[in-house]
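Undergrad: Below is a structure I'd like to ask you about.
The values are calculated or read from the model by the stated rules, or taken from the named source; none is laboratory data. What you are looking at is a predicted structure, and each value in this text was computed from that prediction instead of being measured. In this analysis, Cβ positions are derived from the backbone assuming ideal geometry, glycine residues included, and neighbour counts consider all displayed protein chains. Heads up: the accessible areas ignore ligands, DNA and RNA and are worked out on the full protein's heavy atoms, side chains in. Shrake-Rupley method; radii C 1.70, N 1.55, O 1.52, S 1.80 Å.
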Amino acid sequence: PLPLWGEEFNIRHVQRAFKDSLTPRGEILLREYLHGWRQLTKFMDALGTAFGLISQETQSKITIMQQHQDGHHGLHYRTVQSMVNFELASGLVGFQTLPATQPPSGCRTLLRLHRALKWLELFLHKLGTSQKDDKPYQMCLDTYREALAPYHSWWVQHAAALAFLAMPSRQELYRIIFTRQEKQAAQAIVLTTVESLGRVYNVTQDVYSAHGMLELP
Ligand code: 1Q0
């Protein structure tokens, strides 16, 4: 294993968590979903301080979801579907304005993670099909512009672009993501992860779009 973060972060854990989050009945288990995100914040932390803001923001969304799970209505927050049904039926979603409830609704919070998941799917797909000289910085920027920037304010877009400058080279990135033994299978693992993320993303997207919830403030 690699020093420092080799044991801490493993892309297989990410892949496993998102794969396990999808049940045979097509429900998405929030516990596993959030576990996958926690693994990803470890990875962001390993990338260095420039990604601290992004990691913190992700962490705060995870914490909000956790508060819902630990709250009075925690039982309703077992799956994406049960959460959506519960918040819809209770008028907690907040379709017009950011709900004044504390914590903010699970639906609008998960939507932020959901959009970021699309970014990750696109980015990892690019990485997994990239050539030796391709630049992660450019892959990051292109996929961010496509999947996330449209939802971000002007200043967030600029802060993100600045952070991307600290993105390591492709070789270094692979070194962080994979342990030595995994090097051979690296691209295959990345693409398997893309597949798992994609399935979870598509199911969530269908649920949200069925209820007109893709633009929650
Ligand atoms: C490692 C590089 C990650 C780059 C991903 C793009 C990040 C964009 C910049 C985020 C800036 C955060 C500042 C605040 C944003 C919020 O305004 C926004 C909306 O929330 P709200 O409450 O104001 O309506 N929040 C979000 O959009 C939340 C999600 C942002 C974080 C997305 C992180 C994606 C992370 C991925 C893991 C990196 C793994 C790379 C390779 C992994 C190999 C397995």
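Undergrad: Treat every Asp and Glu Cβ in region 75-139 as -1 and every Lys and Arg Cβ as +1, leave all other atoms uncharged, and give the resulting dipole magnitude about the Cα centre to the nearest 20 debye.
TA: 80
Undergrad: May I ask you to compute the full-extension gain from Leu53 to Arg78, defined as 0.36 nm times their residue separation minus their alpha-carbon distance, rounded to one decimal in nm?
TA: Working it through step by step, the gained length comes to 6.2 nm.
Undergrad: Sticking with this one: Relative contact order of the chain: what whole-number percent is it, with Cα pairs under 8 angstrom and at least 6 residues apart?
TA: 29 percent.
Undergrad: Would you please name the GluC sites (Glu not before Pro) within region 1-93 that are DSSP coil residues with at most 15 other C-beta atoms within 10 Å of their C-beta?
TA: Counting only loop positions with at most 15 other Cβ atoms within 10 Å, the GluC sites (Glu not before Pro) in region 1-93 are Glu7, Glu8.
Undergrad: Enumerate lysine pairs in the chain that are 8 or more residues apart or on different chains, then count those whose Cα atoms are under 15 Å apart.
TA: Lysine pairs, 8 or more places apart or on different chains, close enough: 4.
Undergrad: For the chain, what does -39500 (n - 2.57) per DSSP helix run (n ≥ 4), summed and divided by total residues, give at 222 nm, in deg cm²/dmol to the nearest 500?
TA: My calculation for the chain gives -20500 deg cm²/dmol from helical runs alone.
Undergrad: Report Rg (one decimal) and Dmax (nearest whole number) for region 6-86, counting Cα atoms only, units Å.
TA: For region 6-86, the Cα-based Rg and Dmax read 13.8, 40 Å.
Undergrad: Mind listing the Cα extents of region 118-217 along all three principal axes, in Å, largest one first?
TA: For region 118-217, the Cα extents along the three principal axes come out at 45, 31, 18 Å.
Undergrad: Could you work out how far helix 11-21 tilts from the main Cα principal axis of the chain, as a 0 to 90 degree angle to the nearest 10?
TA: That helix lies at roughly 20 degrees to the long axis.
Undergrad: Between the DSSP loop rule and a limit of at most 11 other Cβ atoms within 10 Å, which trypsin sites (Lys or Arg not before Pro) in region 87-175 are left?
TA: Taking region 87-175 and a limit of 11 other Cβ atoms within 10 Å, the loop trypsin sites (Lys or Arg not before Pro) found are Lys132.
Undergrad: When ligands, DNA and RNA are left out and all protein chains stay put, how many square angstrom of accessible area per residue does the chain have with a 1.4 Å probe?
TA: It amounts to 53 Å² per residue over the chain.
Undergrad: Say R0 is 25 Å: what FRET efficiency, to the nearest 0.05, do Glu146 and Ala185 get from their beta-carbon distance?
TA: 0.35
Undergrad: Starting from one equal scatterer on each C-alpha and no solvent at all, send me the Debye-based log10 I(q)/I(0) for the chain at q = 0.12, 0.13, 0.19 Å⁻¹, two decimals.
TA: The Cα Debye sum returns log10 ratios of -0.64, -0.75, -1.53.
Undergrad: Another one. What nm distance separates the two modelled labels at Leu165 and Thr63, each placed 7 Å from Cα along Cα→Cβ?
TA: Going from the Leu165 label point to the Thr63 one covers 2.8 nm.
Undergrad: Using a 1.4 Å probe on the protein heavy atoms, what percent of the accessible area of the chain belongs to carbon and sulfur? List each step's numbers first, then the result.
TA: Working: 6210 of 11460 Å².
Heavy-atom surface of the chain belonging to carbon and sulfur, 1.4 Å probe: 54 percent.
Undergrad: For the Cα atoms of the chain, what angle does the longest principal axis make with the long axis of helix 30-46, in degrees from 0 to 90, nearest 10?
TA: Tilt of helix 30-46: around 40 degrees.
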